[in-house]
Amino acid sequence: MTKTAFITGATSGIGRATAYEFAKHGINLVLCGRRLERLQSLEQELKHLTEVHILNFDVRDKAETFNAVESLPKPFDSIDILINNAGNAHGLDPIQDGSIDDWDAMMDINVKGLLYVSKAIIPQMTARQSGHIINIGSSAGKEVYPKGNVYCASKHAVLAVTEGMRIDLNPFGIKVSAINPGLVETEFSKVRFKGDDKANDVYKGFDALQAQDIAEIIYFVISRPDHVNIADMLIFPKAQANSTTVKKDL
Ligand code: NDP
Ligand code: 8X3
């Protein structure tokens with residue numbers, strides 16, 4: 001039977017590549033993000049491969065999030081796979097210089113937004129006693145790096161929430177997985193550095209992971225036999241050994 005996936009942060013990077021990868025495999029898609037034009041062009045590009053429905057909302061807004069999920073028409077209202085991907089880093093500053101607005105953005109989007117979306121979708125999964133939730137964490141959720149403070153805290157929280165979900169949803173036969181990438185070349189650093197040129201240097205001098213690399217891994221995880229759950233994956237580019245050790249040829 002055709003499955004339906006709900007992908008947050010589908011307008012860019014890992015979420016967008018995952019939408020393409022899933023469409024290639026005929027998975028029906030609910031694609032979410034704040035940038036409506038990007039959602040509309042994705043819908044145009046993918047609708048010849050699969051059924052696509054777009055939802056334009058900000059995961060920080062509790063009411064918008066619940067209304068968006070409640071607005072889903074058939075067959076999109078029955079979600080088999082939830083990809084909690086929307087998120088970003090905002091700023092890279094020592095804790096004493098950090099911006100409270102940046103801290104709010106990271107906690108509100110990466111942690112609370114993920115919780116709102118999950119809260120809106122989990123009841124139908126528990127009712128059906130099936131489903132698969134993939135939370136996009138980060139290597140920053142396993143290891144804190146200099147100036148990463150609050151972003152790392154938000155991703156450590158994602159990992160803790162993932163583990164909690166896996167335990168609590170276990171009686172319902174729902175799979176929960178964490179995908180934790182290292183350096184992936186997306187719009188992530190543009191957002192982190194607010195358009196500053198510093199973003200251009202982050203992926204220079206080595207072969208960074210590409211969004212497609214992670215999308216293929218996500219598809220692998222969701223396409224295992226029903227009895228297999230890949231609980232947690234940490235993925236680095238070859239040049240990266242941990243958050244602070246990257247072999248660069250500059
Ligand atoms: P991008 O900046 O390319 O994509 C981020 C996505 O999140 C966009 O589609 C954006 O959509 C969406 N988003 C951001 N804020 C909100 C919001 N308030 N409401 C709804 N959607 C939102 O970055 P990546 O693809 O790299 O990031 C995706 C995930 O992967 C994030 O959780 C990130 O932390 C994680 N990650 C990234 C790594 C990297 O090195 N790039 C490594 C490890 C993890 P829009 O702006 O249209 O709303
Ligand atoms: C993104 C990877 O190292 O920029 O989560 O924090 S890193």
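If I take every Cα pair under 8 Å that is 6 or more residues apart in the chain, average their sequence separation and divide by the length, what percent do I get for the relative contact order? Present the calculation step by step, with values, prior to reporting the outcome.
Values: 466 pairs, mean separation 48.1, N = 250.
Relative contact order for the chain comes out at 19 percent.
Show that you can apply the helix-only estimate: for the chain, add -39,500 (n - 2.57) for every DSSP H stretch of four or more residues, divide by all residues, and state [θ] at 222 nm to the nearest 500.
Working: 9 runs with 95 residues, N = 250.
It comes out at -11500 deg cm²/dmol, rounded to the nearest 500.
Can you tell me the relative contact order of the stretch 140-210? Whole percent, Cα pairs under 8 Å, sequence separation 6 or more.
Numbers: 52 pairs, mean separation 15.6, N = 71.
Normalised by residue count, the contact order of the stretch 140-210 is 22 percent.
For the stretch 79-121, what's the relative contact order in percent, using C-alpha pairs closer than 8 Å and at least 6 residues apart? Don't skip to the end; give the middle numbers.
Values: 23 pairs, mean separation 20.9, N = 43.
Computed over the stretch 79-121, the figure is 49 percent.
For the chain, what does the equivalent ellipsoid look like in terms of its semi-axes, each the square root of 5 times an eigenvalue of the Cα gyration tensor, given largest first in whole Å?
The three semi-axes for the chain are 28, 19, 19 Å.
Give Lys147/Lys194; Lys142/Lys204; Lys3/Lys24; Lys3/Lys62; Lys3/Lys47 a once-over and call out the pairs whose C-alpha atoms are over 18 Å from each other.
On the way: Lys147/Lys194 16 Å; Lys142/Lys204 24 Å; Lys3/Lys24 13 Å; Lys3/Lys62 26 Å; Lys3/Lys47 15 Å.
Correct reply: Lys142/Lys204; Lys3/Lys62.
Are there any helices in the chain, counted as whole DSSP H runs, that stretch 20 Å or more along their axis by Cα and score at least 0.5 on average by Kyte-Doolittle, and if so which?
Details: long enough: 114-128 (21 Å, 0.67); 149-168 (28 Å, 0.27).
Qualifying helices, which must be both long enough and hydrophobic enough, are 114-128.
Please arrange Met165, Met233, Met106 by how many other C-beta atoms lie within 10 Å of their C-beta, fewest to most.
On the way: Met165 22, Met233 17, Met106 25.
With the fewest neighbours first, Met165, Met233, Met106 line up as Met233, Met165, Met106.
Using a 10 Å cut-off around each Cβ, can you sort Lys24, Lys155 from fewest to most neighbouring Cβ atoms?
On the way: Lys24 13, Lys155 28.
The most exposed by this proxy come first: Lys24, Lys155.
Cα centroid distance between the stretch 134-153 and the stretch 47-120, in Å?
First find each Cα centre; the distance between them is then 18 Å.
To make sure I understand, if each residue's beta carbon is the centre and we count other beta carbons within 10 Å, what order do Met107, Met125 fall in, fewest to most? Write down the numbers at each step before the final one.
Working: Met107 17, Met125 23.
Listed from fewest to most nearby Cβ atoms, that is Met107, Met125.
Can you give the translational diffusion coefficient of the stretch 81-126 in µm²/s, computed by Stokes-Einstein from the Kirkwood radius over Cα pairs at 25 °C and 0.890 mPa s?
Roughly 205 µm²/s, to the nearest whole number.
Just need the Rg to Rh number for the stretch 158-246, please, alpha carbons only, Kirkwood Rh. It would help to have the intermediate numbers written out before the result.
Numbers: Rg = 15.9 Å, Rh = 15.0 Å.
Value, to two decimals: 1.06.
Any read-out appearing in this document is the output of simple, stated calculations on the displayed coordinates, not a laboratory observation. Since we're looking at a predicted model, the values are computed, not measured. We place every Cβ from the backbone using ideal geometry, glycine too, and count neighbours over all the protein chains shown.
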